[in-house]
1. Let me spell it out: the conditions are (1) surrounded by fewer than 22 Cβ atoms within 10 Å (Cβ to Cβ); (2) under 19 Å from residue B:192 (Cα atoms); (3) not aliphatic (A, V, I, L, M), and residue D:242 meets all of them except one. Which number is the exception?
2. Mind listing just one residue for me: the one in segment B:248-266 that is out of contact with any His (no Cβ under 9 Å at 6 or more places or on another chain), over 13 Å from residue B:287 (Cβ atoms) and part of a loop (DSSP other than H, G, I, E, B) and, of those, farthest from the other protein chains (Cβ to nearest Cβ)?
3. Which of the residues belonging to segment B:164-182 are crowded, with 21+ Cβ neighbours inside 10 Å, more than 28 Å from residue C:189 (Cβ to Cβ) and touching a Ser or Thr at 6+ places or on another chain (Cβ under 9 Å)?
4. Looking at this structure, is residue B:185 assigned to a loop (DSSP other than H, G, I, E, B), within 14 Å of another protein chain (Cβ to nearest Cβ), buried (at least 16 other Cβ atoms within 10 Å of the Cβ) and touching a residue at least 24 places away in the same chain (Cβ under 8 Å)?
5. Of all residues in segment D:172-182, which are basic (Lys, Arg) and assigned to a loop (DSSP other than H, G, I, E, B)?
6. Quick one: which helices (runs of 4 or more DSSP H) sit completely within segment C:23-102 and have at least 2 residues that are within 15 Å of residue C:162 (Cβ to Cβ)?
7. Specify which of the listed residues (C:240, C:224) is over 24 Å from residue A:278 (Cα atoms), free of Cβ contacts under 8 Å to residues at least 60 places away in the same chain and part of a loop (DSSP other than H, G, I, E, B).
8. Evaluate segment D:198-220: report whether one residue or more is in a loop (DSSP other than H, G, I, E, B), among the hydroxyl-bearing types (Ser, Thr, Tyr) and more than 14 Å from chain A (Cβ to nearest Cβ).
There are 4 protein chains.
Amino acid sequence: MTNTLADLNRMSSTSFAGAISDTFELAPWVAEAAAAKRPFATVTSLHEAMMGAVRAAPRERQLEFLCGHPDLAGKAARAGAITDDSKHEQSSVGLDSLSEADFARFHSLNDAYKAKFGFPFIVCVRRHTRDSILVQFERRLAHDAATEFAAALQEIFYITRLRIAARVTGEGMPKVNGRLSTHVLDTHVGRPAVGVPIDLYEFAGEAAHRIASAVTNSDGRTDRPLIGDRPLPIGRYELRFSIGDHFRSRGIEQGDPPFLDIVPLRFSIAEPEGHYHVPLLCTPWSYSTYRGS
Amino acid sequence: MTNTLADLNRMSSTSFAGAISDTFELAPWVAEAAAAKRPFATVTSLHEAMMGAVRAAPRERQLEFLCGHPDLAGKAARAGAITDDSKHEQSSVGLDSLSEADFARFHSLNDAYKAKFGFPFIVCVRRHTRDSILVQFERRLAHDAATEFAAALQEIFYITRLRIAARVTGEGMPKVNGRLSTHVLDTHVGRPAVGVPIDLYEFAGEAAHRIASAVTNSDGRTDRPLIGDRPLPIGRYELRFSIGDHFRSRGIEQGDPPFLDIVPLRFSIAEPEGHYHVPLLCTPWSYSTYRGS
Amino acid sequence: MTNTLADLNRMSSTSFAGAISDTFELAPWVAEAAAAKRPFATVTSLHEAMMGAVRAAPRERQLEFLCGHPDLAGKAARAGAITDDSKHEQSSVGLDSLSEADFARFHSLNDAYKAKFGFPFIVCVRRHTRDSILVQFERRLAHDAATEFAAALQEIFYITRLRIAARVTGEGMPKVNGRLSTHVLDTHVGRPAVGVPIDLYEFAGEAAHRIASAVTNSDGRTDRPLIGDRPLPIGRYELRFSIGDHFRSRGIEQGDPPFLDIVPLRFSIAEPEGHYHVPLLCTPWSYSTYRGS
Amino acid sequence: MTNTLADLNRMSSTSFAGAISDTFELAPWVAEAAAAKRPFATVTSLHEAMMGAVRAAPRERQLEFLCGHPDLAGKAARAGAITDDSKHEQSSVGLDSLSEADFARFHSLNDAYKAKFGFPFIVCVRRHTRDSILVQFERRLAHDAATEFAAALQEIFYITRLRIAARVTGEGMPKVNGRLSTHVLDTHVGRPAVGVPIDLYEFAGEAAHRIASAVTNSDGRTDRPLIGDRPLPIGRYELRFSIGDHFRSRGIEQGDPPFLDIVPLRFSIAEPEGHYHVPLLCTPWSYSTYRGS
């Protein structure tokens, strides 16, 4: 359930801690420390206060906190023995339905990571695709202990920022959402291309999975962003525009088969909270795209 | 073996017919008729004379000629019981190694076609991909008899033009070759992009098969056309440019993962004897392409 | 002064006519006829009712109405002996400050026009540049009488629609404003180009006059449209972007002198009530533009 | 007159010096020193040997050599009292026909330069426009003595390289020519734009002077480079393409007046011996350009 910031500022310390303590995995002391800093002017400053409590904690407590996080795609997750938040987060990126081979790979990475650093690998999965989690895993395994401790805390920051943003409403919300959008301009006639079907695919290895579909409206745009109201998962994507039918329906000479039919634009997202506008400017014989804003 | 046009003009009628009669499938009378029209100023006029003999023949002889062609991907082809030229042509497009399902589909189309028109389906396979042959098959099955008879003769024209061009050298060669080329311009620095790996894929249904690879030279071009010295098979293609590594090697900020890494350009070829120049103009954040010349 | 539609609907016929009769040049009978059609649900329907009165009038009255309009750039205008509305309109396009040669040209066109059609040349000058008025003048002189009579009434429609829109506020305002806008995208870094000075020039013959200036904001756009809140005068324009300084300030290699410094985009506007978005997508070595929306 | 390198290698020292000594302004000792180094395998090595003689000369002789050069746009030039080579070079860039104001500006710069450095300002005018000479003049006045002495010798190198290339033919010609070219692609139909008139303008201050014209051929190119067979003068240029007529003649809807009519591409040349390919890719509603190769 969600609370308003005003209510959280007003309620007893116990109620306050009860309302938001589960945003920091198994660490009720974080909410308790933050309770004393109230009132908060913004939701962002509430979150900063909670992170401040983590940063100010003694090393052993921090380590205990990190160790309270479940393995990514681990046996506990498989068995359902993790918190609800963790469960939803891991399933959002398909970690609850890995092939045996992928499960084994995560298992082996988890073991190597814990052996080296003494705590489980923590990553804000909602800012990633499966592929980019694996890239992160390999890279962070190569870190030294101090660098990786900081990296883990940074991921805690991302995870809890999202949880707070989902649980508390009020002034000064943290910026947690990215946006992926497009538009199609028919430069053959100098007007928006209307009614063009667009599919968005996400890559996992060489396989592309369709994750969104839309049709351009009278302004050549989609009514809603292709991804919005959530972080953009770091990863590789492909937009596919059915542009051949658009020109065919207008009776334009375009060859048989048409020189351009399905136009794929393949790109990666690196900034989960960024704005990616990836348009298509198109004639039957040419096109261009760019990262716009 | 090849002959020069000069030699063909000089030799006895019998030798002449012997040298080139197999260009017109099982129809030695075509070469015999052409022998009397010698000398030929150009290879093109030799071919025209042979086609003229076909066009001037009585209807029954034309029909017999058409019936002398093997089924496409038929049982004779499977059993090896067709002429060498036919064998090479059918294998060039993979008709000698179809799946059982595809074989069955061709078999059923062949039967329907012969039942309707009284002669086997003839198509110049070297001007097609497997997909476009199937498209042609379906379309031509819908023809009326007169239209299809003309279509079959037109394919004979394409087939024999290629065979003549392979068998005879001399002035006025028929134009049988297309060209697919590309170049990569790095508009981030206003210079050709050097050393960029490029792969060319051909589509069969949803599956893409790599059919050529190249690396750009100091002029941003490939040393040879991606396809040249032969007809461009009608069909769908994709060029893939490994542009991410190009910018990475120059230390350019491009995001992590890079916004653009493998750039696919998907297009169709409709003119087997045409020139298709499909370049990539690229920065780490934008690109464009067009059909050039 | 402006009135609300509600007030106009409520007031006496005499007050109503007094309030808006001068929108139809020297023709109080138009407002009087419209008074009887009240109430009007929209400002557009008020205007339509007034135009309806003109269209329903006997031919002689229509002719007298047309004849009540002053010569364009005529002697009356020079002497100040025309209505205030006409004065502002003619000065908006520089017709009050023509060279002697241009004055003579208008004078001669006016004479020829009146000799042929029996009424003065009427054009909604606020939808035109000086050049396009001259183009219109020449074209319309070639009309037959019926075509030109209709063309004159259409211009009356445009003129009075603008006057009504300026004099009356309320529901259903007529659409009289166009919009010219731009934005600058730096595709060298995939972000909006901030702080780029832009000048807009209007052409009169070969001479270009600067009519607006702006600097791109943090979104690569201008805070206000380059032209907005009024019709876009039909004519030729040039946008000039100082892009060389933009890349120089970022230390980008661009040649000395820079390959691109001031980038001119030259285009024409043909739809006064249209939206013209003319962006610049730019690296130090390449650029593109298009009519967007 | 021109000599072959072979002849120059064979002839007497006196004849050799007589044949080429005037390439180094009033310095016959340069050719005499080079005579002893014969034979030369390439024209480039002949030129290098002559420059080597200059570089090896004592400082006083170098200074005397520099002082033998005429003032740029100076009184001697006006009076015709300079060598033929200097005369042609100065007139190529309009220095023989300056306005009184420009003449006065050059005069004052010459005086300041000579007062500071003790020798006249030397620049290879054929690698410059009037504007870039003035830019160079101002910049080089700010040099210290050693830097400017080297700069003057570098200009001597450019001047004499051109003179040698014009006077001697043979193996290993020095690279002295740049190339400016263009092509026009009609991306509305995916084919070269044929018959498009193109004008090339050079800027002097705000004034643009037409220096070349051409019409695109069947390949969308011009039969000859717009500038070739000589250095590209450093400076600002504008290509103007009459693209409106091209689309009008094909009956394409493009607005009235057409959205695009004369398309100007404004750019600078910074490398006199470089290749600049500046194409136009165009529809009636969009275009792009880039520095290609």
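The values are calculated or read from the model by the stated rules, or taken from the named source; none is laboratory data. These numbers were taken from a predicted model, which means no experiment stands behind them. Virtual Cβ from ideal backbone geometry, glycine too; neighbours counted across all protein chains shown.
1. (2)
2. Going through the qualifying residues, I end up with B:251.
3. Answer for segment B:164-182, where residues must be crowded, with 21+ Cβ neighbours inside 10 Å, more than 28 Å from residue C:189 (Cβ to Cβ) and touching a Ser or Thr at 6+ places or on another chain (Cβ under 9 Å): B:164, B:168.
4. no
5. Once the filter is applied, which keeps residues that are basic (Lys, Arg) and assigned to a loop (DSSP other than H, G, I, E, B), segment D:172-182 yields only D:175.
6. Ranges flagged: C:43-56, C:84-92.
7. None of the others qualify; the one that does is C:224.
8. Yes, that holds for at least one residue.
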